[in-house]
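Visitor: First the structure, which I've put down as structure tokens, then a few questions once you've had a look.
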Amino acid sequence: MSINYASKRKPVSDYSTRRKRRAALFSIVSALEQISQAEEAYRENMPENLQNSDAYDYTGYYIDLIDEAVDTLRSVYDD
């Protein structure tokens, strides 16, 4: 199953004001935070026999990447 992301894009005119762009950015940050929390919950609930596995390590790496992206995006609208 593939998702056609191009059909879900909003026209540029939907982001015509700074307020609208900031709201869209905040929405993205919020979604990323939810993904990060879900990944953390997944990682915390991994069985003990997987806690020293590559899957466990990669999950931590993904969480760090998401959190770094959130921090970067926050810095954009906090300025």
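Visitor: Quick one: in the range 17-64, which of the residues that are under 15 Å from the mean Cα position of the chain (by Cα) and among the acidic types (Asp, Glu) is nearest to Asp78 (Cα to Cα)?
Guide: Per the stated criteria, the residue is Glu33.
Visitor: For the range 36-68, how many residues meet the condition of being part of a helix (DSSP H, G or I) and touching a Phe, Trp or Tyr at 6+ places or on another chain (Cβ under 9 Å)?
Guide: Within the range 36-68, residues that are part of a helix (DSSP H, G or I) and touching a Phe, Trp or Tyr at 6+ places or on another chain (Cβ under 9 Å) number 5.
Visitor: List pairs: first in the range 13-42 and within 18 Å of Asp64 (Cβ to Cβ), second hydroxyl-bearing (Ser, Thr, Tyr) and surrounded by 11 or more Cβ atoms within 10 Å (Cβ to Cβ), Cβ under 7 Å, 6+ apart or cross-chain?
Guide: Cβ pairs passing all conditions: Glu39/Thr59; Glu39/Tyr62; Tyr42/Thr59.
Visitor: Let me ask something else about it. So is Ser27 loosely packed, with under 12 Cβ neighbours inside 10 Å and in a helix (DSSP H, G or I) or not?
Guide: yes
Each value in this text was obtained by applying a stated rule to the coordinates, not by laboratory testing. Fair warning: this is a prediction, and the values are worked out from it, not measured in the lab. No Cβ is skipped: glycine too gets one built from the backbone with ideal geometry, and neighbour counts run over all protein chains shown.
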